[in-house]
Amino acid sequence: MSMSEMHAVQDDCGFEIDTALARSVIYDALTEGFRPPGAGTLRTLTSGDALETLRAAAEVVDAQSSSSSSAEPILPAVQRLADVSHLTPEMISDSRERLFGHTARGVVCPFETEYGGSDSAFRQPQELADIAGFYLAFGLRQKPETEERVDHIGCQCEFMGFLGRKEALVLERGRASAAGPSASDHEMLEETRRAGKMFLRGHIGRFGRTFASRLMSADPAGLHGRLGDILFRLIGVECDRWGVAIGSPTLELRSTTESDAPMACGTAPELIQIQRPS
């Protein structure tokens, strides 16, 4: 391999690292926004430094789209976060309460397995187990004190952000090695990317645009509606990147004839909070 070819390979690897990290930055911001707000939520999402970081990440992710892509760019949606920088933590908390409520069926449902056809109630346990299996495959386990289900949109965004960081780490390790990536690193990179593609196709990419569309309609001028716009566009870019069929923005909620009990009362094995192994 000539020196120019080596530089080209290194440049390609650097772009892949930047893109993986940029995706994780955006997913992490969505995770923060879809979770119950904390003291640092607004700072994480709407401060000057945070917006600059998100803008830079959106530019990198948008740059990966081909000229023939029909996916909407993410940057315009990120820039609109500046319009809600005046909101207070109390206003954000009230908005989340109004939109998501205390049950699985708030104004906007953030749980994947609540969407589907007439037979989805019978498939729900299998789908929850499948989602949990993705997390566990990467050593991610639930926190005993949490009451967040594995299919919550915040949990799914956190997992996708984790995969982006893991991909970047493996790529960087291979680039830093004089011998190039090891066989185990190559295998880990392939497994990480495969998991991201499969999770996109089977889960967050399948229902995420429906959730995002409902959120934009229910909160057009608020923080959560703007986060929905970012998620809607990010899923479009991601599906285009992987050649995955994009999910419908109009999925219906499954029948609730069996029970309308608050889903936060589920048993511990059904609840998960992503946590890195110590």
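The values are calculated or read from the model by the stated rules, or taken from the named source; none is laboratory data. The structure displayed is predicted, hence computed values, not measured ones. FYI the Cβ positions are ideal-geometry reconstructions off the backbone, even for glycines, and counts take in every protein chain you see.
Annotations for the structure displayed:
- Helices (runs of 4 or more DSSP H) lying entirely in the range 23-91 (those with 2 or more residues that are more than 22 Å from GLY236 (Cβ to Cβ)): 41-46, 48-63
- Set GLU90, GLU148: member being surrounded by fewer than 18 Cβ atoms within 10 Å (Cβ to Cβ), closer than 22 Å to THR41 by Cβ and of a type in the set (D, E, K, R): GLU90
- Considering the range 93-128, and only residues there that are polar (S, T, N, Q), surrounded by fewer than 17 Cβ atoms within 10 Å (Cβ to Cβ) and under 19 Å from ALA212 (Cα atoms), the residue that is modelled with the lowest pLDDT turns out to be THR103.
- Residues of the range 154-164 include at least one that is over 15 Å from PRO36 (Cα atoms) and aromatic (Phe, Trp, Tyr).
- When GLY180, GLY164, GLY205 are checked against the criterion of being on the phi > 0 side of the Ramachandran plot and either outside any helix (DSSP H, G or I) or crowded, with 17+ Cβ neighbours inside 10 Å (or both), GLY180 stands alone in meeting it.
- Every residue from the range 28-50 that is buried (at least 19 other Cβ atoms within 10 Å of the Cβ) and acidic (Asp, Glu): ASP28, GLU32
- The listed residue being at pLDDT 95 or above, under 30 Å from GLN79 (Cα atoms) and crowded, with 18+ Cβ neighbours inside 10 Å, out of ARG241, ARG214: ARG214
- Candidates LEU231, LEU171, LEU189: the one that is under 13 Å from PHE34 (Cβ atoms) and either surrounded by fewer than 17 Cβ atoms within 10 Å (Cβ to Cβ) or among the aliphatic types (A, V, I, L, M) (or both) is LEU231.
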